[in-house]
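Novice: Before we start, here is the structure in question, set down as structure tokens.
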Amino acid sequence: MKVAIIGGKLQGTEAVYLASACGFESILIDSNPNVPAAGLADRFVCGDITASDEAVIAAMMEADFVLPANENDRVLEAVCRICEEKGLPLAFDKAAYEITKSKKKSDRLFLENGIPAPRYYPDGKAPYIMKPSGESGSAGVTYARSKEEVETFLAKCTNPENWIVQEYLEGPSYSIEVIGIPGNYRTYAVTQIHMDQFYDCCKVTCPCPITKEQEAKFSILGKKLAQLVKLHGIMDVEVIDDGEDFKVLEIDARIPSQTPIAVLYASGINELSELADIIVKGEFMTPQCDLGRFSVYEHYRREKDAVVQEGEHMMSDAGPLEKRIDFCGSKVSLLDEKENGDFCGIFVNWADSKEKLEAQREQILRNLKTLP
């Protein structure tokens, strides 16, 4: 099977990697020749889809389905238009995405349907988290220690109506993917989201330290949210466990980055293959499974002889990545390595037990720190 992936940053990197893992041929399309996924795809087509580039359209028409892997409104509009004009199978639900890309719209959905979520300012207790309504993940997130700091921020802000202010909840964050069409949804292994100091995901682990009851409840919640947005495709749901309940932080109806690869090596399920079944064949073709392994996906950067772990923002300026096997002991590494030996990269590992995985991680970090 052949997939045309539109966008080569972190979402595109995830999609290209998953395509290779399940034996699909990937055609990556991006207007920037130096995006991270450009070094991993089977074929790279550099062109501007918003300008209806003929080479781009020809490449899309070769594919069995088209997968947008970006959050650029102009690009997404162009992808949807071309797929409709050419009758191409599209692994993207524009209507669901329009709801989930707006925190105001999605939060309204939670409120109207009794979905647990952090309370809006001025309700709840300080501290608070402020975030732009139209961004996903950690983009633009600002921490406020008091109501006075919130008021000062909003007073100085040029567009306060576009900001969400909610109570800051303490506790571990978890994510789950949902794939399917109304009446036929599947959820996958729950992943834990580990944040750096900027509230940006620096590591994903799977499985998670939650009970079977919590896992089942999370699955039901994910399917309910998918049903509410009438999802045709894939979405992820992120929650925080504040000790009382799982509170929904955000939902995103597009292919995520980081979590699907962790799910792949923990459970054995490739979410891109599952998505292709739904989009191309209209139903799931294989039973779900769980290999029972422990996996981790994380970012490391070496600069001036220091090795640090940071969130995905460190990969935003990465050039074409190279896939390396057993680099410093890591099972898989996706690296942008400089001539002087500095690098930024994604490190993926798995083992049969949590203890073995942690021992692997500790050895890899020691190896990275002693590189010449």
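The values are calculated or read from the model by the stated rules, or taken from the named source; none is laboratory data. Treat the numbers as computed from the prediction; the structure is a model and nothing was measured. Every residue, glycine as well, gets a Cβ built from its backbone with ideal geometry; the counts of neighbours run over all protein chains shown. Calculation scope for accessible area: heavy atoms of the full protein, side chains included, ligands and nucleic acids excluded. Shrake-Rupley method; radii C 1.70, N 1.55, O 1.52, S 1.80 Å.
Novice: For the range 102-147, which positions are open to solvent by 50 Å² or more (accessible area, probe 1.4 Å), at pLDDT 85 or above and out of contact with any helix residue (DSSP H, G or I) (no Cβ under 8 Å at 6 or more places or on another chain)?
Specialist: Lys104, Arg108, Leu111, Glu112, Gly114, Arg119, listed by residue number.
Novice: I'd like the full set of residues that are open to solvent by 20 Å² or more (accessible area, probe 1.4 Å) and assigned to a helix (DSSP H, G or I), limited to the range 321-360.
Specialist: Once the filter is applied, which keeps residues that are open to solvent by 20 Å² or more (accessible area, probe 1.4 Å) and assigned to a helix (DSSP H, G or I), the range 321-360 yields Lys354, Glu355, Lys356, Glu358, Ala359, Gln360.
Novice: Could you grab me the full set of residues in the range 87-101 that are open to solvent by less than 60 Å² (accessible area, probe 1.4 Å) and within 14 Å of Met235 (Cβ to Cβ)?
Specialist: Ala91, Phe92, Asp93, Ala96, Tyr97, Glu98, Ile99, Thr100, Lys101
Novice: For residues that are within 21 Å of the chain's Cα centre (by Cα), open to solvent by 20 Å² or more (accessible area, probe 1.4 Å) and more than 15 Å from Thr191 (Cβ to Cβ), tally how many sit in the range 262-287.
Specialist: Number satisfying all stated conditions: 2.
Conditions tested, residue by residue: (1) under 22 Å from Asn270 (Cα atoms); (2) in contact with a helix residue (DSSP H, G or I) (Cβ under 8 Å, 6 or more places away or on another chain).
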site	(1), (2)
Asn159	no, no
Asn162	no, no
Val165	no, yes
Tyr174	yes, yes
Gly180	yes, yes
Arg186	yes, yes
Gln192	yes, no
Lys224	no, no
Met235	yes, yes
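Novice: Have a look at Glu85, Glu77, Glu25, Glu54 and point out the one that is under 18 Å from Leu272 (Cβ atoms) and either hydroxyl-bearing (Ser, Thr, Tyr) or over 20 Å from the mean Cα position of the chain (by Cα) (or both). Lay out the reasoning, then the answer.
Specialist: On the way: Glu85 fails: under 18 Å from Leu272 (Cβ atoms); Glu77 fails: under 18 Å from Leu272 (Cβ atoms); Glu54 fails: under 18 Å from Leu272 (Cβ atoms).
Step by step, each of Glu85, Glu77, Glu25, Glu54 is checked, and only Glu25 is under 18 Å from Leu272 (Cβ atoms) and either hydroxyl-bearing (Ser, Thr, Tyr) or over 20 Å from the mean Cα position of the chain (by Cα) (or both).
Novice: Considering (1) surrounded by fewer than 20 Cβ atoms within 10 Å (Cβ to Cβ); (2) closer than 30 Å to Pro68 by Cα; (3) within 22 Å of the chain's Cα centre (by Cα), say which one Val308 fails and leave the rest.
Specialist: (2)
Novice: Could you pull out the residue among Glu303, Glu312 that is modelled with pLDDT under 95, acidic (Asp, Glu), in contact with an Asp or Glu (Cβ under 7 Å, 6 or more places away or on another chain) and closer than 29 Å to Lys2 by Cα?
Specialist: Numbers: Glu303 fails: closer than 29 Å to Lys2 by Cα.
Step by step, each of Glu303, Glu312 is checked, and only Glu312 is modelled with pLDDT under 95, acidic (Asp, Glu), in contact with an Asp or Glu (Cβ under 7 Å, 6 or more places away or on another chain) and closer than 29 Å to Lys2 by Cα.
Novice: When the range 209-229 is examined, which residues are found to be open to solvent by less than 20 Å² (accessible area, probe 1.4 Å) and in contact with a Pro (Cβ under 9 Å, 6 or more places away or on another chain)?
Specialist: Residue satisfying the conditions is Ala226 alone.
Novice: Further question: List the number of the failed condition for Met61; all other conditions in (1) within 23 Å of Pro132 (Cα to Cα); (2) open to solvent by 10 Å² or more (accessible area, probe 1.4 Å) hold.
Specialist: (1)
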